[in-house]
1. Quick check on region 106-146: of everything there that is over 19 Å from ILE41 (Cα atoms) and polar (S, T, N, Q), which residue is modelled with the lowest pLDDT?
2. When you go through (1) within 17 Å of ILE18 (Cβ to Cβ); (2) without any contact (Cβ under 8 Å) to a residue 24 or more places away in the chain; (3) among the aromatic types (Phe, Trp, Tyr) one by one for PHE132, which number turns out not to apply?
3. Please go through region 62-100 and pick out each residue that is closer than 25 Å to TYR156 by Cα and either among the aromatic types (Phe, Trp, Tyr) or not in a helix (DSSP H, G or I) (or both).
4. Mind listing just one residue for me: the one in region 117-146 that is of a type in the set (A, V, I, L, M), in a helix (DSSP H, G or I) and buried (at least 16 other Cβ atoms within 10 Å of the Cβ) and, of those, farthest from the chain's Cα centre (by Cα)?
5. If you go through region 45-73 one residue at a time, how many are among the β-branched types (Val, Ile, Thr) and within 24 Å of TYR126 (Cα to Cα)?
6. Taking region 20-58 as the region of interest, how many residues are assigned to a helix (DSSP H, G or I) and surrounded by 12 or more Cβ atoms within 10 Å (Cβ to Cβ)?
7. Does VAL69 satisfy being under 16 Å from PHE135 (Cβ atoms), of a type in the set (A, V, I, L, M) and either out of contact with any Gly (no Cβ under 9 Å at 6 or more places or on another chain) or modelled with pLDDT under 95 (or both)?
8. Of the residues that make up region 38-51, is at least one closer than 20 Å to PHE150 by Cβ and either of a type in the set (Lys, Arg) or touching an Asp or Glu at 6+ places or on another chain (Cβ under 9 Å) (or both)?
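The values are calculated or read from the model by the stated rules, or taken from the named source; none is laboratory data. Computed from a prediction, not measured in an experiment: that's the story for all the values here. Counting neighbours? That spans all protein chains shown, and the Cβs are built from the backbone with ideal geometry, glycine included.
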Amino acid sequence: METNNKKANYIYAIAGFIILLALDRFTKYLAVTGLKDTPGIDIIPGALRLEYLENTGAAFGVMQGMQSVLLVVTVIVLLGILYIYIRIPADRKYLFLRIIAVFIIAGAIGNMIDRFLYNYVVDFIYFSLIDFPVFNVADCYITLSVLLLFILILFYYKDEDLNFIFKRKEKDS
């Protein structure tokens, strides 16, 4: 039964990943074709703008111009998340962890594709009300998923619920 649930989880994860990645790529395509070389578009004047930006750094503009380092770090993080995802039990209790992992992977790969193809990440969402750094859909996936992960670890999962990460897998006899 566990094996069937695992297979179904992988199928859902792959489908979710494809949808999330496609949405990120599509919104970045719209930003490039509709916002590049324009002054931007006010969605909510004084609060929310769509504004094209080529970000050669990571979140909040840190590590500007260090694309090679960012690519290597992204690959290492992705491998770590995939390792954990494979180890997550198929129980319903861990559904949130599986969803969070898929969102983080989709966001990381979405931005990694930009770094690989263009040597920068396309950002276009700007909360001018609080002068928040310009970001994109992939950034939303990652940021909101990490926030939800912290909340779940603090208030939902117990330490023993997360032992699967470090516990050795038992071989099927």
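1. Looking only at region 106-146, we keep the residues that are over 19 Å from ILE41 (Cα atoms), and these are 106-121, 138-146.
Keeping just the survivors that are polar (S, T, N, Q) gives 111, 119, 143, 145.
Details: ASN111: 94, ASN119: 89, THR143: 95, SER145: 97.
Out of the qualifying residues, it is ASN119.
2. (1)
3. Within region 62-100, TYR83, TYR85, ILE88, PRO89, ALA90, ASP91, TYR94, PHE96 meet the criteria.
4. Here is the first cut: in region 117-146, the ones of a type in the set (A, V, I, L, M) are 117, 121-122, 125, 129-130, 134, 137-138, 142, 144, 146.
Now drop any that are not in a helix (DSSP H, G or I), which leaves 117, 137-138, 142, 144, 146.
Next cut, buried (at least 16 other Cβ atoms within 10 Å of the Cβ) only: 137-138, 142.
Values: VAL137: 9, ALA138: 5, ILE142: 3 Å.
Filtering region 117-146 for residues that are of a type in the set (A, V, I, L, M), in a helix (DSSP H, G or I) and buried (at least 16 other Cβ atoms within 10 Å of the Cβ), the one farthest from the chain's Cα centre (by Cα) comes out as VAL137.
5. Just the residues of region 45-73 that are among the β-branched types (Val, Ile, Thr), to begin with: 56, 62, 69, 72-73.
Subset that is within 24 Å of TYR126 (Cα to Cα): 56, 62.
Residues meeting the conditions: 2.
6. Looking only at region 20-58, we keep the residues that are assigned to a helix (DSSP H, G or I), and these are 20-35.
From what is left, the residues that are surrounded by 12 or more Cβ atoms within 10 Å (Cβ to Cβ) are 20-25, 27-28, 30-32, 34-35.
So the count comes out to 13.
7. Values: under 16 Å from PHE135 (Cβ atoms): no; of a type in the set (A, V, I, L, M): yes; either out of contact with any Gly (no Cβ under 9 Å at 6 or more places or on another chain) or modelled with pLDDT under 95 (or both): yes.
No.
8. At the first step, the residues of region 38-51 found to be closer than 20 Å to PHE150 by Cβ are none.
No, the conditions are met nowhere in region 38-51.
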